[in-house]
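The values are calculated or read from the model by the stated rules, or taken from the named source; none is laboratory data. On a predicted model such as this, the values are computed, not experimentally measured, just so you know. Please note that ligands, DNA and RNA were not included when accessible areas were found on the heavy atoms of the full protein model with its side chains. Shrake-Rupley method; radii C 1.70, N 1.55, O 1.52, S 1.80 Å.
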Amino acid sequence: MTIRVLIADDQELVRTGLGMILDAQPDIDVVGQASDGIEAVALARRLQPDVCLFDIRMPRQDGIEATRAIAGPGVENPLAVVIITTFDLDEYVYAALRAGAKGFLLKDAGADLLGQAVRAAASGDALIAPNVTVRLLEAFADAAPAAAPAQPVEPLTEREEQVLAAVARGLGNNEIASELYITLSTVKTHVASLMAKLGARNRVEIAIWAYQTKRSPRRPGATPTGR
């Protein structure tokens with residue numbers, strides 16, 4: 001199936017470049033472009049794309065607010081949003097994912113990672129630029145409220161605990177399958193079960209829960225791992 005994508009960026013050259021990269025991929029079709037957040041939200045609601053690719057800094061309404069409008073808490077039938085920006089700042093990453101984004105990439109990520117992020121978002125997963133993944137999860141854990149994390153509605157199985165730890169390390173489904181010697185479909189089943197048991201909307205929230213409950217050991221000075 002073709003993944004329909006909406007691009008929003010206030011720089012025409014960037015919009016054009018992203019559109020060319022994505023349109024060159026056989027399973028992705030750019031169906032609309034917007035130059036500011038308000039136009040992006042209006043187009044997203046009208047076109048109902050599979051994935052919205054939003055810049056953060058845009059006139060009239062920024063990418064964070066635009067994301068919250070179409071994917072935030074309380075939004076009925078939220079759309080999948082990937083934030084793409086030149087700014088590698090923790091507060092932007094944190095705000096974007098709290099607003100409902102399913103991915104966060106830097107504009108120098110490259111065509112392959114951009115395509116991966118769009119496909120991940122379309123399938124309900126979240127992909128974050130490898131150089132910010134671990135740092136982001138640490139930031140989420142440190143910024144979490146003092147209240148105890150919610151307990152799962154059912155106890156996690158041993159295999160789910162293993163998948164949980166792998167997700168918290170920023171591994172993708174294929175990498176988890178290889179590491180645990182299980183099939184890709186089995187990984188997806190376990191991730192779906194974790195989301196249901198933890199009340200998580202995506203794999204990023206699964207990873208946050210792992211950090212909050214100390215299931216993913218923190219390693220001072222650790223280098224972020226890739227995907």
Q: Calculate one ³J(HN,Hα) per residue across the range 67-81 by plugging θ = phi - 60° into the Karplus curve 6.51 cos²θ - 1.76 cosθ + 1.60, and present them in order as whole Hz with x for glycine and proline.
A: 4, 4, 5, 10, 9, x, x, x, 6, 6, 6, x, 8, 7, 10
Q: Take every Cα pair under 8 Å in the range 55-114 that's 6+ residues apart, average their separations, divide by the length, and report that relative contact order as a whole percent.
A: 34
Q: Any lysines with Cα under 23 Å of the LYS197 Cα? List them, leaving off those in the same chain fewer than 8 positions away.
A: LYS102, LYS188, LYS214
**Q.** the range 6-53 - percent relative contact order, Cα under 8 Å, separation 6 or more
**A.** 49
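Just subtract the alpha-carbon distance of THR2 and TYR94 from 0.36 nm times their residue separation and send over the number in nm, one decimal. Let's see the in-between values first.
Numbers: separation 92, 0.36 × 92 = 33.12 nm, distance 2.98 nm.
The span from THR2 to TYR94 would gain 30.1 nm if fully extended.
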Q) Amide H to amide H, which residues 5 or more places from ILE28 or on other chains are under 5 Å from it, using H placed in the peptide plane? A) ILE3
Q: Pop out the ³J(HN,Hα) list for the range 110-120 in order, Karplus 6.51 cos²θ - 1.76 cosθ + 1.60 with θ = phi - 60°, rounded to Hz; leave Gly and Pro as x.
A: x, 5, 5, 5, 4, x, 4, 5, 5, 5, 4
Q. What accessible area, in Å² to the nearest ten, does a 1.4 Å probe give for GLU65?
A. 80
(Q) If I ignore ligands, DNA and RNA and count only protein heavy atoms, how much of MET195 is accessible to a 1.4 Å probe, in Å² to the nearest 10? (A) 50
Q) Using a 1.4 angstrom probe and counting only protein chains, how large is the accessible area of ARG57 in Å², to 10? A) 120
Q: Collect residues whose amide H, placed 1.01 Å from N in the peptide plane, falls under 5 Å from the amide H of ALA80; neighbours closer than 5 in sequence don't count.
A: CYS52
Q: Heavy atoms only, probe 1.4 angstrom, no DNA, RNA or ligands counted: give me LEU47, LEU53 ranked by accessible area, highest first.
A: LEU47, LEU53
